[in-house]
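Quick notes on the structure that follows.
The values are calculated or read from the model by the stated rules, or taken from the named source; none is laboratory data. This one's a predicted model, so the numbers in the text were calculated from it and none came from an experiment. Methodologically, a virtual Cβ is constructed for each residue, glycine included, from the backbone with ideal geometry; neighbour enumeration extends over all protein chains shown. These area figures cover heavy atoms from the full protein model, side chains too; ligands, DNA and RNA do not enter into them. Shrake-Rupley method; radii C 1.70, N 1.55, O 1.52, S 1.80 Å.
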Amino acid sequence: MTSEARSPSTKPYNGPVGGWGSAKSVVEITLREHVPFKGPKLLSTQNKPEGYMCVSCAWAKPARPHPLEFCENGAKATAWEITSRRADPAFFSKHTLSELELWSDHDLEEQGRLTHPLRWDATSDKYVPVPWTEAFNEIGQELRGLDPHQVDLYTSGRASLETSYMYQLFARMYGSNNLPDSSNMCHESSSVALPESIGASVGTAILSDFENTDCIFYIAQNVGTSSPRLLHDLQDAVNRGVKIVTLNLLRERGLERFVNPQSPVQMLTGKETRISSEYYQVNNGGDIAALFGVCKALIEADDALKASGNSRVAGQDGEPKDPDNAAMVAFAASIASADKKHVLDHDFIEQHTAGFEEFAQAARAHRWDELERVSGLSRDQMMEAAATYARSDAVMMVYGMGLTQHLMGVQNVHMVCNLALLRGNIGKPGANICAVRGHSNVQGQRTVGITEKPGLAPLDKLSELYGFEPPRWTGRSTVETCEAIMNGQSRAFVGLGGNFLRAVPDTTAMEEGWRKLRLSVQIATKLNRSHVVHGQVAYLLPCRGRIELDEQATGPQAVSMESSIAHFHGSRGKAKPASAELLSEPAIIAGIAKATLGETKVPWDAWVGNYAEIRDAIERTYPETFKDFNKRLFRPGGFARPLPARERKWVTQSGKANFITPERLFPEFSTSVRTDVLHLATLRSNDQFNTTIYGYSDRFRGIEGTRRIVFMNEKDIARLGFAAGETVDVTTAIDDNNVRKVTGLRIVPYNIPKGCCAAYYPETNPLFPLAHHDPKSKTPSYKLLPVRISRPNPTPDG
Ligand SMILES: Nc1nc2c(c(=O)[nH]1)N[C@H]1C(S)=C(S)[C@@H](COP(=O)(O)OP(=O)(O)OC[C@H]3O[C@@H](n4cnc5c(=O)[nH]c(N)nc54)[C@H](O)[C@@H]3O)O[C@H]1N2
Ligand SMILES: Nc1nc2c(c(=O)[nH]1)N[C@H]1C(S)=C(S)[C@@H](COP(=O)(O)OP(=O)(O)OC[C@H]3O[C@@H](n4cnc5c(=O)[nH]c(N)nc54)[C@H](O)[C@@H]3O)O[C@H]1N2
Ligand SMILES: [Mo]
């Protein structure tokens, strides 16, 4: 199979995000996937009350939706799911799994929807159809034969609240807390940092904050590709005069210019909206330094006002005089409050926070030259950002993977909170923290108990409701599951969606462990590499997708999910299921649970017959969060989850919001002077959803026909003696006795800071050592890995 175009091209893209390019791209994929005629009609119900919730990103679904509340990538995701292509038994009879191992990610999924439950047959090395009951019985028998500590039950962030609740309940009744999930590779740094800083496990922003804000700090998130509907909120804000201050490794087009494909005027006139008012290109991993610079400017300006004769505090703190105090006083005066007395919100800091003095001292102590070197920004840029921040009454902090997927991911998020707390930008309209989530229900899965941490699950409640003793031990998160698979501790893997083997770090090494699993069970819509590489006993169980009609004993069912802004929404599928053989995810989990556990107090069949009963059970388990769940299921705009931090109630140990001072500016591995080492960040193209590769175009970055590239700064290309367009190898520059190499990447000169480089995920995942993760959140450092670039080995088999 060849999948990449013969003549890949790379040239700068000069257009905006959105516009006609976006419309064209939707038409192309709709035709290619042979989407049934009803496709376009279906799209008009996307993200609407009583419609289906998009299977792409988790962005908010407004109460008053646009006539077409979808984007280019949402439309692509829909076309990908309702495609008329099929990976059916005829397809599997033609290909052994050893052969399919040679296929690309794109080519595997491009075969279309899985249609029948399949079991791997060792003699023919093929997946062959198997009746559902037989599959459940054998899986149940295998699981009963294992110690629950040896079993890992993974969840990818698409599964609904109903499915996720059933799945975690099954895992715990079986006796395992090994519930790794995609969130462990994604926003786990937020899940750890936000409770410590502000006592909330998720972001506190809601949609109306975008209508009331004066300024948005937009950090490390690629809105044009990853959450395009959020561009509408940004566009509306910009039109009201809101300042958008962007910090990003790259100049992402969606953060620069946008033509709203849903606005006839913009489409006809080509009039663009300029998104960012200030755009700061930081080094990857430079955000703590950059934000410290902003905080330092604010704190020292505030100090200068105090020192310049403000009788309120003059002489009390004996601060050493800043040498260029006069300049600082002038700067302070230009950004100070109306009474010219302060820059920080001292009342808020005093009443609501702890740890301010220690943080302020750390900010004062960092030297500007050090902050400049690490962040890649100049002192003037950091002061300019500070001035914009101080002149705004309500500031939002919006961020994504460029902050969380780091060795210091948790501390990155602490730093965002620190900046917000300096001027009381949490818990007031138009302010707040917005952690832009990835998968469409990844946030919700946590809310209903998908977690390896027993302290975060309502174990006593589950025990009381279902009469069993849940395991109290700490389960494995994603990287720990990888370790356990590599070292043979894990014997069985059950995947509720996703593509674990491609999404995790160190993928080449992982595959060896994966093959030694006793049992691999995958519940999926489409074929991927986690299915073709497999355990000794392997099942591939196809499920209905969210867009499809889910008919059960009591009629068509709805499911629900939680958006990035912590609102719950019902979702009703309408499309005809891809095959009559498919079961829904709840039905598959019930099937496995009954076969594994035998008789229990859980009415699995009644739940599958009527999902409203699962929602009642969720409400019984979490009465506050899910009050009147079924009644409120289709409320326009969703119904909100209680967020105490929004009300300035701080559910932390100190009872206050905490300033938490990062230990250092940059992770320790690279304190040595950089020579031939570059810092790699992995990226998504505009033509993929995670490991799902729709095609080989990254329009906004000017890449067509290939994904095997490495973006480099022109000066680095010259300094290291390479040429643009040259094919090179990339090797991990961390010493742990293993050589990790990805070969055959083409150098593309790009506007990226010196010393940094970037390449696509998942192709470069073999480079990431498992141990290269944030020690607290265990989130892999996918946005920062030291690497070396080299010419290919000239030997023929090199
Ligand atoms: N079309 C599409 N939509 C998606 C997805 C998809 O693959 N395709 N995936 C979904 C999922 S699961 C997720 S989690 C989200 C991911 O969405 P994002 O959070 O946008 O994640 P990425 O696309 O990986 O890139 C993050 C951005 O961080 C920047 N960056 C990298 N390193 C740094 C750094 O150290 N500092 C700063 N300031 N910036 C940095 C990159 O230039 C990039 O613009 O999107 C979701 N939506
Ligand atoms: N280097 C690097 N690695 C990364 C990242 C990165 O930025 N850089 N990002 C990380 C992030 S943020 C994430 S979230 C993970 C993503 O990791 P995963 O969530 O595990 O991966 P996906 O690619 O989203 O999973 C795609 C598969 O899900 C299945 N699927 C699709 N829809 C459904 C459905 O409705 N039901 C079921 N049961 N299955 C379905 C299909 O079979 C499809 O092949 O990857 C992580 N890995
Ligand atoms: Mo994600």
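Scan (1) open to solvent by less than 10 Å² (accessible area, probe 1.4 Å); (2) more than 16 Å from ligand 2 (Cβ to nearest atom); (3) under 27 Å from Asp735 (Cα atoms) for the single condition Asp676 breaks and write down its number.
The number of the failed condition is (1).
When you go through Ser563, Ser584 one by one, which is the residue that is within 16 Å of ligand 1 (Cβ to nearest atom) and of a type in the set (S, T, N, Q)? Spell out the reasoning first.
Values: Ser584 fails: within 16 Å of ligand 1 (Cβ to nearest atom).
One residue alone meets the criteria, Ser563.
Residues in region 675-691 that are away from ligand 3 (no atom under 13 Å from the Cβ) and in a loop (DSSP other than H, G, I, E, B): how many?
The number of residues fulfilling the criteria is 5.
Here's a check for you: in region 580-627, which residue that is aromatic (Phe, Trp, Tyr) and either open to solvent by 10 Å² or more (accessible area, probe 1.4 Å) or not in a loop (DSSP other than H, G, I, E, B) (or both) is nearest to Arg144 (Cα to Cα)? Working first, answer last.
Pass one, region 580-627, residues aromatic (Phe, Trp, Tyr): 604, 607, 611, 622, 626.
With either open to solvent by 10 Å² or more (accessible area, probe 1.4 Å) or not in a loop (DSSP other than H, G, I, E, B) (or both) added as a condition, the list becomes 604, 607, 611, 622.
Numbers: Trp604: 19, Trp607: 23, Tyr611: 27, Tyr622: 30 Å.
It comes out as Trp604.
Tally time: how many residues in region 276-295 are more than 11 Å from ligand 1 (Cβ to nearest atom) and crowded, with 24+ Cβ neighbours inside 10 Å?
Number of matching residues: 4.
Taking Ala759 and the conditions (1) under 18 Å from the mean Cα position of the chain (by Cα); (2) in a loop (DSSP other than H, G, I, E, B), which numbered condition does it fall short on, given that it satisfies the others?
Only one criterion is unmet by Ala759, namely (2).
Ser190: modelled with pLDDT of 95 or more, open to solvent by 10 Å² or more (accessible area, probe 1.4 Å) and either away from ligand 3 (no atom under 16 Å from the Cβ) or not charged (D, E, K, R) (or both), yes or no?
Values: modelled with pLDDT of 95 or more: yes; open to solvent by 10 Å² or more (accessible area, probe 1.4 Å): no; either away from ligand 3 (no atom under 16 Å from the Cβ) or not charged (D, E, K, R) (or both): yes.
No.
Quick check: is even one residue across region 22-37 surrounded by 14 or more Cβ atoms within 10 Å (Cβ to Cβ) and within 16 Å of ligand 3 (Cβ to nearest atom)?
Within region 22-37, not a single residue is surrounded by 14 or more Cβ atoms within 10 Å (Cβ to Cβ) and within 16 Å of ligand 3 (Cβ to nearest atom).
Are any residues in region 444-467 open to solvent by less than 30 Å² (accessible area, probe 1.4 Å), outside any helix (DSSP H, G or I) and in contact with a Lys or Arg (Cβ under 9 Å, 6 or more places away or on another chain), and if so, which ones?
Those that are open to solvent by less than 30 Å² (accessible area, probe 1.4 Å), outside any helix (DSSP H, G or I) and in contact with a Lys or Arg (Cβ under 9 Å, 6 or more places away or on another chain): Gly449, Glu452, Ala457.
If I ask for residues that are open to solvent by 30 Å² or more (accessible area, probe 1.4 Å) and either within 18 Å of His187 (Cβ to Cβ) or free of Cβ contacts under 8 Å to residues at least 60 places away in the same chain (or both), which ones from region 473-482 would you list?
Applying the first criterion (open to solvent by 30 Å² or more (accessible area, probe 1.4 Å)) to region 473-482 yields 473-474, 476, 480.
Answer for region 473-482, where residues must be open to solvent by 30 Å² or more (accessible area, probe 1.4 Å) and either within 18 Å of His187 (Cβ to Cβ) or free of Cβ contacts under 8 Å to residues at least 60 places away in the same chain (or both): just Glu480.
What single numbered condition from (1) farther than 23 Å from Gly400 by Cβ; (2) surrounded by fewer than 21 Cβ atoms within 10 Å (Cβ to Cβ); (3) not assigned by TED's automatic domain parsing to the domain that holds Ser560 fails to hold for Ser93?
(3)
Looking for something closer than 17 Å to Val282 by Cα, without any contact (Cβ under 8 Å) to a residue 24 or more places away in the chain and in the same structural domain as Phe356 (by TED's automatic domain parsing) - is there at least one such residue anywhere in region 376-386? Before the answer, list the steps.
The first filter runs over region 376-386 and keeps only residues closer than 17 Å to Val282 by Cα, leaving 376-386.
Add one more test, that the residue is without any contact (Cβ under 8 Å) to a residue 24 or more places away in the chain, and what stays is 378, 380.
Now narrow it down to the ones that are in the same structural domain as Phe356 (by TED's automatic domain parsing): 378, 380.
Yes, some residue in region 376-386 is closer than 17 Å to Val282 by Cα, without any contact (Cβ under 8 Å) to a residue 24 or more places away in the chain and in the same structural domain as Phe356 (by TED's automatic domain parsing).
Residues are listed down the side, and each one gets a yes or a no for (1) assigned to a helix (DSSP H, G or I); (2) aliphatic (A, V, I, L, M); (3) out of contact with any Gly (no Cβ under 8 Å at 6 or more places or on another chain); (4) away from ligand 2 (no atom under 16 Å from the Cβ):
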| residue | (1), (2), (3), (4) |
| --- | --- |
| Asn73 | yes, no, yes, no |
| Lys76 | yes, no, yes, no |
| Trp80 | yes, no, yes, no |
| Ala90 | yes, yes, yes, yes |
| Ser93 | yes, no, yes, yes |
| Ser98 | yes, no, yes, yes |
| Leu108 | yes, yes, yes, no |
| Trp120 | no, no, yes, yes |
| Ser124 | no, no, yes, yes |
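I need the full set of residues from region 762-786 which are more than 16 Å from ligand 3 (Cβ to nearest atom), assigned to a loop (DSSP other than H, G, I, E, B) and touching a Leu at 6+ places or on another chain (Cβ under 9 Å), in order please.
Within region 762-786, the subset more than 16 Å from ligand 3 (Cβ to nearest atom) is 763-764, 766-767, 769-772, 775-776, 784-786.
Restricting the remaining residues to those that are assigned to a loop (DSSP other than H, G, I, E, B) gives 763-764, 769-772, 775-776, 784.
Within region 762-786, Glu763, Thr764, Pro769, His772, Pro775, Leu784 meet the criteria.
Only one residue in Arg518, Arg502 is at pLDDT 95 or above and within 26 Å of Gln111 (Cβ to Cβ). Which one?
Values: Arg518 fails: within 26 Å of Gln111 (Cβ to Cβ).
Selected residue: Arg502, the only one of Arg518, Arg502 that is at pLDDT 95 or above and within 26 Å of Gln111 (Cβ to Cβ).
Of all residues in region 385-441 being part of a strand (DSSP E or B) and open to solvent by less than 10 Å² (accessible area, probe 1.4 Å), which is nearest to ligand 3 (Cβ to nearest atom)? Walk me through it before giving the result.
To start, the set of residues in region 385-441 that are part of a strand (DSSP E or B) comprises 395-399, 433-435, 439.
Narrowing further to those that are open to solvent by less than 10 Å² (accessible area, probe 1.4 Å): 395-399, 433-435.
Numbers: Val395: 25, Met396: 21, Met397: 19, Val398: 16, Tyr399: 13, Ile433: 18, Cys434: 15, Ala435: 11 Å.
By that ranking, first place goes to Ala435.
Which residues, taken from region 540-579, are of a type in the set (D, E, K, R), more than 15 Å from Asp605 (Cα to Cα), open to solvent by 10 Å² or more (accessible area, probe 1.4 Å) and not in a loop (DSSP other than H, G, I, E, B)?
Arg572
In region 708-756, what residues are in a strand (DSSP E or B), small (Gly, Ala, Ser) and farther than 23 Å from Asp687 by Cβ? Explain how you work it out, then say what you get.
As a first pass, look at region 708-756 and keep what is in a strand (DSSP E or B): 709-712, 727-732, 741-749, 756.
Cutting the leftovers down to small (Gly, Ala, Ser) gives us 744.
Result: no residue meets the conditions.
For region 694-701, check the following and say yes or no: at least one residue is at pLDDT below 95, in contact with a Lys or Arg (Cβ under 7 Å, 6 or more places away or on another chain) and not in a loop (DSSP other than H, G, I, E, B).
yes
Can you go through Ala333, Ala326, Ala307 and tell me which one is more than 42 Å from the chain's Cα centre (by Cα), closer than 26 Å to Ser392 by Cα, among the aliphatic types (A, V, I, L, M) and modelled with pLDDT of 85 or more?
On the way: Ala333 fails: more than 42 Å from the chain's Cα centre (by Cα); Ala326 fails: modelled with pLDDT of 85 or more.
Only one candidate qualifies: Ala307.
Could you say which residue among Asn487, Asn432 is on the phi > 0 side of the Ramachandran plot and out of contact with any Cys (no Cβ under 8 Å at 6 or more places or on another chain)?
Unique residue meeting the criteria: Asn432.
Determine whether Gln489 is farther than 24 Å from Tyr389 by Cα and open to solvent by less than 10 Å² (accessible area, probe 1.4 Å). Break it down stepwise before answering.
On the way: farther than 24 Å from Tyr389 by Cα: yes; open to solvent by less than 10 Å² (accessible area, probe 1.4 Å): no.
Here the answer is no, as Gln489 does not meet what is asked.
What are the pairs with Cβ atoms under 7 angstrom where one residue, in region 138-160, is within 16 Å of ligand 3 (Cβ to nearest atom) and the other, located anywhere, is open to solvent by 10 Å² or more (accessible area, probe 1.4 Å) and not small (Gly, Ala, Ser)? Sequence gap at least six, or different chains.
Within 7 Å, the pairs are Ser156/His439; Gly157/His439; Arg158/His439; Ala159/Glu585.
Quick check on this structure: which one of Gln168, Gln150 is more than 16 Å from ligand 1 (Cβ to nearest atom), assigned by TED's automatic domain parsing to the domain that holds Gly598 and farther than 30 Å from Gln557 by Cα? Give the derivation first.
Details: Gln168 fails: farther than 30 Å from Gln557 by Cα.
Unique residue meeting the criteria: Gln150.
Within region 487-496, is there a residue that is more than 18 Å from Val537 (Cα to Cα) and not β-branched (Val, Ile, Thr)? Steps first, please.
Restricting attention to region 487-496, the residues satisfying the condition of being more than 18 Å from Val537 (Cα to Cα) are 487.
Subset that is not β-branched (Val, Ile, Thr): 487.
Yes, region 487-496 contains at least one residue that is more than 18 Å from Val537 (Cα to Cα) and not β-branched (Val, Ile, Thr).
Among the residues of region 157-182, how many are surrounded by fewer than 24 Cβ atoms within 10 Å (Cβ to Cβ) and more than 21 Å from Thr474 (Cβ to Cβ)?
Result for region 157-182: 0.
When only residues in region 176-234 that are under 20 Å from Ser440 (Cβ atoms), acidic (Asp, Glu) and in a helix (DSSP H, G or I) count, which is nearest to ligand 1 (Cβ to nearest atom)?
The extreme case among them is Glu188.
Please go through region 633-658 and pick out each residue that is open to solvent by less than 50 Å² (accessible area, probe 1.4 Å) and of a type in the set (Lys, Arg).
Selection gives Arg641 alone.
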